[in-house]
1. Treating cross-link reach as a plain straight distance, find the lysines whose alpha-carbon is under 24 Å from the alpha-carbon of Lys459, omitting any fewer than eight places away in the same chain.
2. Ranking Arg396, Arg441, Arg38 by Cβ neighbours within 10 Å, fewest first, what do you get?
3. Using only the Cα atoms of the range 133-228, build the gyration tensor, take square roots of its eigenvalues as a ≥ b ≥ c, and label the shape rounded, prolate or oblate: rounded if a/c is under 1.5, else prolate if a/b is larger than b/c, else oblate.
4. For n ≥ 4 DSSP H runs only, could you compute -39500 (n - 2.57) per run for the chain, divide by its residues and tell me the 222 nm figure to the nearest 500?
5. Just going by the charge dipole of the chain, with Lys and Arg at +1 and Asp and Glu at -1 on Cβ, which of Val151, Gly81, Val33 is farthest out on the positive end?
6. Order these by the 10 Å Cβ neighbour count, fewest first: Ile316, Ile387.
7. Leaving out same-chain residues fewer than 8 places away, which lysines sit with a Cα under 17 Å from that of Lys254?
8. Quick check on the range 5-272: take the gyration tensor over C-alpha atoms, sort the square-rooted eigenvalues as a ≥ b ≥ c, and tell me if it's rounded (a/c under 1.5), prolate or oblate.
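Read-outs throughout are calculated quantities, based only on the coordinates presented, and are distinct from any laboratory measurement. This one's a predicted model, so the numbers in the text were calculated from it and none came from an experiment. Heads up, the Cβs are rebuilt from the backbone with ideal geometry, glycines too, and the neighbour counts pull from every protein chain shown.
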Amino acid sequence: MANEYVIGIDFGTDSVRALIVNARTGEQAGTAVHEYTRWKAGKFCDASVSQFRQHPLDYIEGLESAVLSALDQAPEEVRKGVRGISVDTTGSTPVAVDRNGTALSLLPEFAENPNAMFILWKDHTANQEADEINKLARTWPVDYTKYVGGVYSSEWFWAKILRTLRVDVAVRQHAFSWMEHCDWISAELTGNTDPLTIKRSRCAAGHKALWHPEFDGLPPETFFAALDPLLAGLRGKLFYATETSDAPMGVISKGWAARLGIPDDVIIGVGAFDAHMGAVGALIEPYSLCKVIGTSTCDMLVAPNEEVSHLLIKGICGQVDGSIVPGMLGMEAGQSAFGDIYAWFARLITNPVRELLGEPVAKELAVKLIPHLAERAGAIPVTEEDIIAIDWMNGRRTPDANHTLKGALMGLDLASDEAKIFKSLVEATAFGSKNIIERFRSEGVPIHDVIAIGGVAKKSPFVMQTLSDVLNMPIRVAASEQACALGAAMFASVAAGINLTLAEAQLAMSSGFDAVYHPREDIAKIYQVLYQKYLKTGAFVEQGV
């Protein structure tokens, strides 16, 4: 059939996007975005203690709204021709569920309890628990962190679970199991939400939950009971097997088919994390680093198992067979803050304006500020005496996760204006990216070039040129505005049996690249000097913490 359609649904930090694609031709039939209403209102979050929670109703309402809006843009035959749906989500973003797989915050008694909601990827309330996991793993006969870079993060599954069980007795008593967002929402679409029988994402389990075939799935009960008796018995209520995202999760429930107005035989694929599916949408290939650049970054890398599976790469966010491309080793790294740092600096400038001159003036300034600063910063010569910034405003994800670290500015004087400081912050995010690449290389994994997707990659030539200069590597920018949703759609086409392999889906559905940045040799040499200063300054900051 020529007109078989799939829907990729991308759950981001602030919103959910739906993309309808012809699985044979790649033609886009509709797309829509829905901003989470509760999240936008700032509910259930407290940045002062790094608490970031999202209500499952934001996800359910957002999915329905985005998909219906996208379908409304398309002819009726598109709606009738939908054959598959796959989702990607942020991660690790787990939630406590009851025996039926219902997120606790969907129950009346937990409707306003943040601990019963999804714990967003950037929530760092579990720093202490992550430290405890790392200390125990280093004394255990088997180091269960060895496939996640040797350092377990407070952003991940087990640390968040343990923290919640410790601080909330009611959640502890009512939680039967826990699910990642990508597993929960996919299961919700099928109607089978039983925590003991749903298919679990290998991407989520391998990168965030310590799952590995060598461990017979998850680490043993004895490990978790030694970590804290509150975890005793939980392993048996989770999972042993995992699935790659080319596998079907199940068939859409009749209820969801009716809500969306699509056929009741639509296949729902196994979910995964946004960056991993985004890399697929951006045509990731072996040894090309795919950077998903937005508020933070996720850096994706794939390589043939026979070439790299013997390596244990220190300080990254995991190496998992099939987590990105089935049949290849998927490797993940990333930065806890990228665009968030630029947004923080913009708020420093706009907040006093808002307080003194009112919201309309501040709003107009906010729209124009970053492009204006980028234009000015791009005109400033790069010298070896420039300001050095450290990009750890939200801690450090990789290499070597440490979310207690803080950012810094070094080398300020009375001539340091807003454009120079902005330039240093952009350079800091680029230096953080270079640090990740250098770690891969030092561990024996080559990187030949960079593929970029995400809002920053599409919107800021200044940032991308700086990144190319600092990395001293070419950067290809994927043409699709919705690379994560496109990757999800590609997986949906395979799960539904339209395309037989992921490679076939990529060939049929890709939109290619629309920009390439090349390093400027003279500036790249100066950045190599500044990068060494960045490393020394970072070491000084880290030693002082």
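1. Candidates past the 8-residue exclusion: Lys40, Lys122, Lys291, Lys363, Lys368, Lys420, Lys423, Lys434.
2. With the sparsest Cβ surroundings first, the list reads Arg441, Arg38, Arg396.
3. Cα axes put the range 133-228 in the oblate bin.
4. For the chain, the value works out to -12500 deg cm²/dmol.
5. Val151
6. Fewest-to-most Cβ neighbours within 10 Å comes out as Ile387, Ile316.
7. Answer for Lys254, where 17 Å is the Cα cut-off: Lys80, listed by chain and number.
8. Note, shape of the range 5-272 comes out prolate.
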